[in-house]
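Visitor: Below is the structure I would like to discuss, written out as structure tokens.
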Amino acid sequence: MSGMSKIVKTISSITFPLITIYGLYVIAHGHLTPGGGFQGGAIVASGCAMMLVSYGSIWIVSRVKEKNLSILESLGAVCFILLALLGLGFGAVFFNNFLVGTNSLFGVVPAAGSGLADINTGGVIPLMNFAVGLKVIAGLFGIVLVMAHASRTKGEKK
Amino acid sequence: MSRRDIAAVLSFSIVAMFFIFGALMIHPFGAPDETGMDDNIITNAQTETGANNAVTSVVFDYRGFDTLGEATILFTAVAAVIMIFRRLNK
């Protein structure tokens, strides 16, 4: 897939940071607002797909290697399972929320009932959201990138 | 009508009957048959997991294994797609 016109490239360059920031916001506030790692990762990955469509897969592949995306995705998966195993180590069971109630990182328990949200709550839930978000971003962008690069026409091949 | 058409109409009406009876016999919205698990999660999610979003507390804490399976599915899908398209990307 080759790039599109200059107008499309400019507009996607302007909107790409906004989409990325919104997706990262959804990931980071997964324990407070609707959304989470999967949803925010899908938003960021769709922004990356927009860049892929507007700039073309050859331009993107010269900057982002699919191998690095695989490494990032595996890193997210390993972090997720590692957090679950830490629950087994510090708590009693697999997936134990061992950080909650410790008043350390993300360990504050909010006041009961509906109220203003504090980001420093949730125990391991925000950390798991980050891990899953990284995994979803890298995984979905890797899928789209590989498929787009495979469907480029013969004449564009270097 | 041929026998083929009659068979199609019969099977369609049987499936439609199942759907209609299912829709008629469903419990009313917001009144599930068993409320023990829902009430337990709604009352205790904030103090037990520290997350204001009860849905995320279910997905990442109470039902963490489900999310682990979901992540495994995504990982497998990505690995399969990259494996299939690797040869075309040479």
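The values are calculated or read from the model by the stated rules, or taken from the named source; none is laboratory data. Here the structure is a predicted model, which means the values were calculated and not measured. Positions of Cβ are generated from backbone atoms using ideal geometry, with glycine treated the same way; all protein chains shown enter the neighbour counts. The accessibility values were calculated without ligands, DNA or RNA, using every heavy atom of the protein model including side chains. Shrake-Rupley method; radii C 1.70, N 1.55, O 1.52, S 1.80 Å.
Visitor: Which value, in Å², gives the accessible area per residue of region B:36-90 when a 1.4 Å probe is used on the protein heavy atoms?
Guide: 60
Visitor: Roughly speaking, to the nearest percent, how much of chain A's 1.4 Å accessible area is carbon and sulfur?
Guide: Solvent-exposed carbon and sulfur of chain A make up 73 percent of the total.
Visitor: Shifting gears a bit: Can you give the percent of C-alpha pairs in region A:6-156 whose distance is more than 20 Å?
Guide: Taking all Cα-Cα pairs of region A:6-156, the fraction more than 20 Å apart is 57 percent.
Visitor: Quick one: if you stick a label point 7 Å off each Cα along the C-beta vector at residue A:11 and residue A:111, how many nm between them?
Guide: It works out to 4.6 nm between the two label points.
Visitor: For the full complex of protein chains and a 1.4 angstrom probe, list B:70, A:66, B:34 by accessible area with the highest value first.
Guide: B:34, B:70, A:66
Visitor: Considering every residue in A:108-114, what mean count of other chain Cβ atoms within 10 Å of its Cβ is obtained?
Guide: Partner-chain Cβ atoms within 10 Å, mean over residues of A:108-114: 3.
Visitor: Here's another thing I want to ask about it. Before we go on, tell me the buried accessible area for the B/A pair, both chains summed, 1.4 Å probe, in Å² to the nearest 100.
Guide: Chain pair B/A: roughly 3000 Å² of buried accessible area.
Visitor: Nearest 500 deg cm²/dmol is fine: what mean residue ellipticity at 222 nm does chain A get from its DSSP H runs of n ≥ 4 alone, each adding -39,500 (n - 2.57), divided by its residue count?
Guide: After summing the helix terms and dividing by the residues of chain A, the value is -21500 deg cm²/dmol.
Visitor: Just to verify a number: what accessible area does residue B:12 come out at with the full protein assembly present, 1.4 Å probe, Å² rounded to tens?
Guide: The accessible area comes out at roughly 150 Å².
Visitor: Now, a different point. Over region B:3-89, with a single point scatterer placed on each C-alpha, what log10 of the ratio I(q)/I(0) does the Debye formula yield at q = 0.11, 0.12, 0.13, 0.23 1/Å?
Guide: Reported log10 I(q)/I(0), two decimals: -0.72, -0.77, -0.81, -1.06.
Visitor: Quote the charge dipole size of the protein assembly as shown about the Cα centre in Debye, to the nearest 20; the model charges only the Cβ of Lys and Arg (+1) and of Asp and Glu (-1).
Guide: 2000
Visitor: Here's another thing I want to ask about it. Would you mind working out the magnitude of the charge dipole of chain B relative to its Cα centre, with +1 at each Lys and Arg C-beta and -1 at each Asp and Glu C-beta, to the nearest 20 Debye?
Guide: 980
Visitor: A further question follows. What number, in percent, do you get for the relative contact order of chain A if the mean sequence gap of Cα pairs under 8 Å and at least 6 apart is divided by its residue count?
Guide: Relative contact order comes out at 31 percent.
Visitor: At 7 Å along the Cα-to-beta-carbon direction for both residue B:10 and residue B:86, put a label point, then send me their distance in nm to one decimal.
Guide: That separation, rounded to one decimal, is 5.2 nm.
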